[in-house]
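Step one of this worksheet: look at the structure below.
The values are calculated or read from the model by the stated rules, or taken from the named source; none is laboratory data. Here the structure is a predicted model, which means the values were calculated and not measured. Glycine gets a Cβ as well: all are built from the backbone with ideal geometry, and neighbour counts include every protein chain shown. SASA here: full protein model, heavy atoms, side chains in, ligands and nucleic acids out. Shrake-Rupley method; radii C 1.70, N 1.55, O 1.52, S 1.80 Å.
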Amino acid sequence: YGEFLGSAKWMTALGVSAAIALAAAVVTTLAALGAALALRDAPLRLRAAAETLILLPLLFPHAAIGIAFLSWLITLHLNGSAAGILLAHLILCAPFAYRPIAVALRQIDPSLAEAARILGADGRAAFARVTLPLLRPGLSASLLFSFIVSFDEVTVTMFLVGPETTTLPVSIYAHLHDSADPVVAAISTVLIALTAALVLLAQRTFGLRIFVDVEEDGRRG
């Protein structure tokens, strides 16, 4: 633990991973919210096609995605940069951000927002005061899912890191090839504790029912 917490290399990798994961969680959640709202009243075929496109990253091997992103980012001169890794993580996190919000949105009774408009609220006020608070469990689950997926991603990220920018999971993987010292076990314990804390926070904040609802909705789909 002392080696992990006192090492600039490990702390830098942890900071990069946390920053990228936080940015990916926020951006994908906002994008997923917009997509879910846009597709809510869309024709069934259009919604099905759009949702299939959003969920495509789940269908391809991550190694193939990593190679594709590497070729693309080289043309954009973003290979080996935090911006390039973030761009890849935004695509990878999209399915995990969209599903909880879409499920939560489908569970909201449309008549509640309509009643707010009848009582004098305009569209923005009805969304901000009625729809958005009811979406809080889905938004929180989306943020949590996206953060964990981005923070733990290693396969795709291995193709995108550079000599000056790397993430904690990639650093752990590289370290295992060179050494078998206990620092990796210490890091794993810290990450398990962090994940448990996030799950406990999720349970206390919005409950874990949304995770069950997402799974059941996925089986029906």
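Quick one: pull the percentage of alpha-carbon pairs in segment 1-140 with a separation above 23 Å.
51 percent
Rank SER171, ALA18, PRO133 by how far each Cα sits towards the positive end of the charge dipole of the chain (+1 on Lys, Arg Cβ; -1 on Asp, Glu Cβ) and give me just the farthest.
PRO133
Test of understanding: in a Gaussian network model of the chain with alpha carbons linked when under 10 Å, which of ARG106, ARG124, ARG40 would top the mean-square fluctuation ranking?
Greatest mean-square fluctuation among the candidates belongs to ARG124.
Going toward the positive end of the dipole of segment 91-168, with +1 on Lys and Arg Cβ and -1 on Asp and Glu Cβ, which of LEU112, THR157, LEU92 do you reach last?
So the residue we want is LEU112.
Give the angle, between 0 and 90 degrees and rounded to the nearest 10, that separates the Cα long axis of helix 183-205 from the longest principal axis of the Cα atoms of the chain.
The answer is roughly 10 degrees.
Can you tell me the length gained on complete extension of the stretch ASP152 to LEU112, counting 0.36 nm per residue apart and subtracting the Cα distance?
10.5 nm
Percent relative contact order of the chain, based on C-alpha pairs within less than 8 angstrom and at least six residues apart?
For the chain, the relative contact order is 34 percent.
For segment 36-121, give the magnitude of the charge dipole about the Cα centre (Cβ charges: +1 Lys/Arg, -1 Asp/Glu; no others), in debye to the nearest 20.
80 debye
Specify the residue with the greatest mean-square fluctuation among GLY120, GLY34, GLY162, computed from a Gaussian network of the chain linking alpha-carbon atoms under 10 Å apart.
Most flexible of the set in this elastic network: GLY120.
For the chain, what does the helix formula give at 222 nm: sum of -39500 (n - 2.57) over DSSP H segments with n ≥ 4, over the residue count, nearest 500 deg cm²/dmol?
Taking each H run of at least 4 residues, the total per residue is -24500 deg cm²/dmol.
What Kirkwood Rh does segment 138-191 have if only Cα atoms enter the pairwise 1/r average? Answer in Å.
12.6 Å
Rounded to the nearest 10 degrees, what's the angle between the helix 8-40 long axis and the longest principal axis of the chain, both from Cα atoms, 0 to 90?
20 degrees
Please get the size of the charge dipole for the chain, origin at its Cα centre, with Cβ charges of +1 on Lys and Arg and -1 on Asp and Glu, quoted in debye to the nearest 20.
720 debye
So how far apart, in nm, are the two label points at ALA8 and LEU76 if each is 7 Å from Cα heading toward Cβ?
3.1 nm
Using a 1.4 Å probe, what is the accessible area per residue for segment 29-98, in Å²?
55 Å²
Expressed as a whole number of Å, what is the distance separating the alpha-carbon centroids of segment 136-151 and segment 1-15?
Computed from Cα coordinates, the inter-centre distance equals 25 Å.
Give me the Å³ per residue figure for the convex hull around the C-alpha atoms of segment 70-217.
146 Å³
Return the equivalent ellipsoid semi-axes of segment 72-117 as a descending list in whole Å, where each equals the square root of 5 times an eigenvalue of the C-alpha gyration tensor.
Values for segment 72-117, descending: 39, 11, 7 Å.
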